[in-house]
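Read through the structure below, which is laid out as C-alpha cells, and then see the notes.
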Amino acid sequence: MKINTIGKLCILATVGSMATTSAIADTSGKRIALSNNYAGNSWRQAMLTSWDKVGSAAVADGVVAAADAFTTAENQVTEQAAQIQNLILQGYDAIVINAASPEGLNGAVKEACDAGVVVVSFDGIVTEPCAYRIAVDFKQMGKVQVEYLADRLSDGGNLLEIRGLAGVFVDDEISAGIHAGVEENAQFEIQGSVHGDWAQDVAQKAVAGILPSLPEIKAVVTQGGDGYGAAQAFKAAGRPTPIIVMGNRHDELTWWKEQKDASGYETMSVSIAPGVSTLAFWVAQQVLDGNSVPQDLTVPFLEITQDTLEESLANTQAGGVANVEYTLDDSIAVITGN
Amino acid sequence: MTRLLSPNLLRTLLPGLSLAALLLAIFYLQPRTMSYFGLNLLLNLAVPIALATIAQMFILCVNDLDLSLGAFISLTACITATWLNTTPLLGVLALLACIVAYGALGALIHLRNLPSIVVTLGMSFVWTGIAVLVLPTPGGAAPGWIRTLMTLKPALVPFPIIALVVIGLVVHVGLMRSAAGVVLRGAGGNAKSVARAGWSLLRVKVTMFSLAGLFGVLSGMALVGLTTSADANIALRYTLLSIAGGILGGGEFVGGRVSPIGAVIGAITLALAGSFLSFLRLNPDWQIGAQGAILILVLALRLLISAREVRR
C-alpha cells in the first residue's frame, strides 16, 4: 500500500518534470545488482563495460547506492540460481539478470520476488511472470530493413538475403521478419538466400557462390556481421554494388564511410547495442522509484543512418560493435513509448 | 588411546568443523543469513547436491567412480519436468527404467571387469543425448507436489535443514548400522574376503549402482522442485561437485571408506563455499580457484591428521 502511494506521487512528479531528470532522492539508498551468466565474447564485454560506466556514474550522482556486476564462472543454471539467491541475501533491492536459461532460473527469481526484490531480465530473459523482461524483437529488426528499402526503391526489385547460423532461434526470427516485410511490399522479390553465419568471410564465400546464378540485385538484406563480406563478393564479381544493409560492425561502418566519401553511397545499419544492460539498469531504478513500468518491454535497435554514420564510427572500437548507453531520460522514453 | 583428540576422532570431526567454520564466517559477513529466511535460501540448492553426493558415495564405496552423474541427473530432471508432470505413470516408469539402467551398468562393469571411469564417461554422452530428446529446448514444469515439497515452510526449522538431516541419517542407518550395509561396504574394502564368505559380488555391485541411480533420480526431482523447470545441461556441474563432496566428507578413493553424514556435510560445505566467496565480493574469475583452494585446505588438514596417526 505504501509503495503504491509513493508510486502515484512519483508518477505525478515524473509527469510534471519529464524533461529534467526526476526523482533522484527516492532511490538514493537502493542497491542494484547485475547477475550475468557469461562474459566470453566482445558483445558481453561491451555490455559489462557499459553497465559499469553508467552504474558507477549513477552511484557517484547519488541516484542509487550501489550498482554491482556479478558474472558466474561457468555459465550454468544451477550456479546462476545460487548466485541470485546469494544476491537476495546480500540485501540488494533489485537484481538485473542476463539469464543462462529462460526457464531454469524461475525458482530463484520467484524467491527474489517473494522477498520483495525487483527482478529485471534482458537479452537472456526469464519467463517467471513476476519479473520484468526487456526482450529483443528480432522480427522487427528484419522488417525495418525492407521498410527502409521500400522508401529508397519505390519501383522495388530483386533482393538477396544473407541469413545467420542455421538452426539458431535468432536467425529464424530475423529471416521471418524480412519475409514478412517482403510480403507487405510486393514490389520486392527475394531471388536468393545464403547462410553467412554472421561472419564476414563466410558471407563473402556464400555470396560469391550464388552471385553468378542471380539476375540484377537491387539490395542485400542481412543479419549483421555479413555486410562487408557481401560488398567484397560483389566487387570481386565485377557487379555494381547494391544497397547493402549493414549490422553496426566496425569493418562494415568503415567500408560504408569509404563508399560514402567516394561516391555518395547510401544505406542503413541496424543491430542490438550491448548497452541494453544500461536500459535494464534504469528500468530497475524506475521500478524501485515506484513508477509503473510494463512487465514486458522491447529493446529499440540501434539504427545508424547516413547522417549519424560519422559519429557512430568514431565511437566504435576497431573490431567492435557500435554501442549506445542509455540515460535515464532515454529509458523513460522507452518505458512510456511501450 | 584415551587422548582427548585422537587422530581418528579428529578425522571424523573435520568435515563438521570445516562446515561450522564456514557457516560462522558467512554469518559474520552477512548477518542476514542468520534467519529462517536466510538459511532457507542459503541451503536449498544444497539439497540436490547432497543427494547427488550420496549417489556418488555409493559408487565410491565399491571402489568405482561415476563421471556420468551430472548428465544422469540432468536427464532425470528433464523427465521430471516433462513426463512426470504431464503423464505421471509414464514418468514413474521412465524414472524406474533409469534406476534399472544404472543397476545394469553396475552388472556390466563387474561382469566384463571394465574400468568404471570409461563406462560412465561414455554413458554421460548417452544420458545427455536422451535428455535432449526428452526436452529439446529448456522448459517443462515441476509437478505441483514436488514444488510444494521443496518450498515447504515448516515452523521453526527451515525445510532444507530437515531434508539434509533426514537424508544423512537414513543413509547412515542403512549403510553403516545394518548387516546388509556391512557386506556392501566390505565388498568395496576387501572384495575377495567378502566373495569367499559366500556373498555375490555381482549382487553387491548391482545394488550399489541401483542405489546410486535412485539417489540420482531423487536429486533430479529435488532440483526441478527448486528451479521449476529443466534443461538438458542443468546439472552438469554435479559430477565434480559430488566427487569433491564425497571426498571432502571423509570418503576415500580406495573403496569401503565412506561416510554418509560426512558426504552430506561435504555437499553443504561446497554449496556454502560459493556463497561465502560471493559474500566476500571476490572477482568471479578467482572464485573457482578459491573453491579449489578451500578443498585443498580441508584435504591437507586431513593428510596432516593421518600423518600424525602413522607416526604414533
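One line per residue, one yes/no per condition, for (1) in the same structural domain as A:Val118 (by TED's automatic domain parsing); (2) in contact (Cβ under 8 Å) with a residue 60 or more places away in the chain; (3) of a type in the set (Phe, Trp, Tyr); (4) part of a loop (DSSP other than H, G, I, E, B):
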| residue | (1), (2), (3), (4) |
| --- | --- |
| A:Asp261 | no, no, no, no |
| A:Ala284 | yes, yes, no, no |
| A:Asn291 | yes, yes, no, yes |
| A:Asp307 | no, no, no, yes |
| A:Gln317 | no, yes, no, yes |
| A:Ala333 | yes, no, no, no |
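Annotation: of all residues in the range B:109-133 being in contact (Cβ under 8 Å) with a residue 60 or more places away in the chain and hydrophobic (A, V, I, L, M, F, W, C), the one that is farthest from B:Ala230 (Cα to Cα) is B:Leu111. Can you find, within the range B:74-96, the residue that is farthest from B:Ser242 (Cα to Cα) among those that are crowded, with 24+ Cβ neighbours inside 10 Å and not hydrophobic (A, V, I, L, M, F, W, C)? Checked the range B:74-96; the qualifying residue farthest from B:Ser242 (Cα to Cα) is B:Thr80. From the list A:Ile210, A:Ile174, the lone residue that is hydrophobic (A, V, I, L, M, F, W, C) and closer than 29 Å to B:Pro136 by Cα is A:Ile174.
Taking B:Ala71 as the residue in question, decide whether it is within 14 Å of chain A (Cβ to nearest Cβ), over 11 Å from the mean Cα position of the chain (by Cα) and surrounded by 24 or more Cβ atoms within 10 Å (Cβ to Cβ).
On the way: within 14 Å of chain A (Cβ to nearest Cβ): yes; over 11 Å from the mean Cα position of the chain (by Cα): yes; surrounded by 24 or more Cβ atoms within 10 Å (Cβ to Cβ): yes.
Considered against the rule, which asks whether it is within 14 Å of chain A (Cβ to nearest Cβ), over 11 Å from the mean Cα position of the chain (by Cα) and surrounded by 24 or more Cβ atoms within 10 Å (Cβ to Cβ), B:Ala71 comes out as yes.
Exactly one residue among A:Thr71, A:Thr49, A:Thr78 is touching a Pro at 6+ places or on another chain (Cβ under 6 Å) and β-branched (Val, Ile, Thr), and that residue is A:Thr71. In the range A:58-74, the residues that are away from chain B (no Cβ under 14 Å) and touching a residue at least 60 places away in the same chain (Cβ under 8 Å) form Cβ pairs under 9 Å with partners that are among the hydrophobic types (A, V, I, L, M, F, W, C) and in a strand (DSSP E or B), at six or more places apart or across chains, as follows: A:Ala58/A:Ile32; A:Ala58/A:Ala67; A:Val64/A:Ile32; A:Val64/A:Ala94.
Among the residues in the range B:83-94, are any of a type in the set (Val, Ile, Thr), within 14 Å of another protein chain (Cβ to nearest Cβ) and in a helix (DSSP H, G or I)? Talk me through it step by step, then tell me what you get.
First, pick out the residues of the range B:83-94 that are of a type in the set (Val, Ile, Thr): B:86-87, B:92.
Remaining after also requiring within 14 Å of another protein chain (Cβ to nearest Cβ): none.
No: zero hits.
So, in the range B:98-156, of the ones that are among the hydroxyl-bearing types (Ser, Thr, Tyr) and part of a helix (DSSP H, G or I), which residue ends up farthest from the other protein chains (Cβ to nearest Cβ)? Among those residues, the one meeting the criterion is B:Ser116. Among the residues of the range A:125-135, are any within 30 Å of B:Tyr36 (Cβ to Cβ), in a strand (DSSP E or B) and more than 14 Å from chain B (Cβ to nearest Cβ)? There is at least one residue in the range A:125-135 that is within 30 Å of B:Tyr36 (Cβ to Cβ), in a strand (DSSP E or B) and more than 14 Å from chain B (Cβ to nearest Cβ).
Filtering the range B:280-292 to residues that are within 10 Å of another protein chain (Cβ to nearest Cβ), surrounded by fewer than 20 Cβ atoms within 10 Å (Cβ to Cβ) and part of a helix (DSSP H, G or I) leaves B:Pro284, B:Asp285, B:Trp286, B:Ile288, B:Gly289, B:Gln291. For the range A:77-124, the candidate set comprises residues that are polar (S, T, N, Q) and either more than 8 Å from chain B (Cβ to nearest Cβ) or over 16 Å from B:Gly38 (Cβ atoms) (or both); within that set, the residue that is farthest from the chain's Cα centre (by Cα) is A:Thr78.
Of all the listed residues (B:Leu295, B:Leu277, B:Leu272), the sole one being more than 14 Å from chain A (Cβ to nearest Cβ), within 22 Å of B:Tyr28 (Cβ to Cβ) and surrounded by 18 or more Cβ atoms within 10 Å (Cβ to Cβ) is B:Leu295.
Within the range B:259-294, being of a type in the set (A, V, I, L, M, F, W, C) and in contact with an Asp or Glu (Cβ under 8 Å, 6 or more places away or on another chain) holds for one residue alone: B:Ile288. Scanning the range A:318-328 for residues that are in contact with a Pro (Cβ under 6 Å, 6 or more places away or on another chain) and farther than 22 Å from A:Lys30 by Cα turns up at least one hit. Those residues that are part of a helix (DSSP H, G or I), within 12 Å of another protein chain (Cβ to nearest Cβ) and surrounded by fewer than 23 Cβ atoms within 10 Å (Cβ to Cβ), I need them from the range B:209-244; list them, please. The one that is part of a helix (DSSP H, G or I), within 12 Å of another protein chain (Cβ to nearest Cβ) and surrounded by fewer than 23 Cβ atoms within 10 Å (Cβ to Cβ): B:Leu240. Checking the stated criteria, B:Ala263 turns out not to satisfy the condition of being closer than 27 Å to B:Leu10 by Cβ, within 9 Å of another protein chain (Cβ to nearest Cβ) and assigned to a helix (DSSP H, G or I).
Residues in the range A:113-166 that are closer than 18 Å to A:Phe301 by Cβ and of a type in the set (Gly, Ala, Ser) were compared, and the one that is surrounded by the fewest Cβ atoms within 10 Å (Cβ to Cβ) is A:Ala135.
From the list A:Gly164, A:Gly157, which one is modelled with pLDDT under 90, out of contact with any Cys (no Cβ under 8 Å at 6 or more places or on another chain), more than 14 Å from chain B (Cβ to nearest Cβ) and more than 23 Å from B:Pro31 (Cα to Cα)? Steps first, answer last, please.
Values: A:Gly157 fails: modelled with pLDDT under 90.
Just one listed residue meets the conditions, A:Gly164.
Any residue that is among the basic types (Lys, Arg) and under 18 Å from B:Met57 (Cβ atoms) - is there at least one of those in the range B:149-168? No.
The values are calculated or read from the model by the stated rules, or taken from the named source; none is laboratory data. Everything quoted here is computed from the prediction, not taken from an experiment. Every residue, glycine among them, receives a Cβ derived from its backbone with ideal geometry; neighbour counts consider all protein chains shown.
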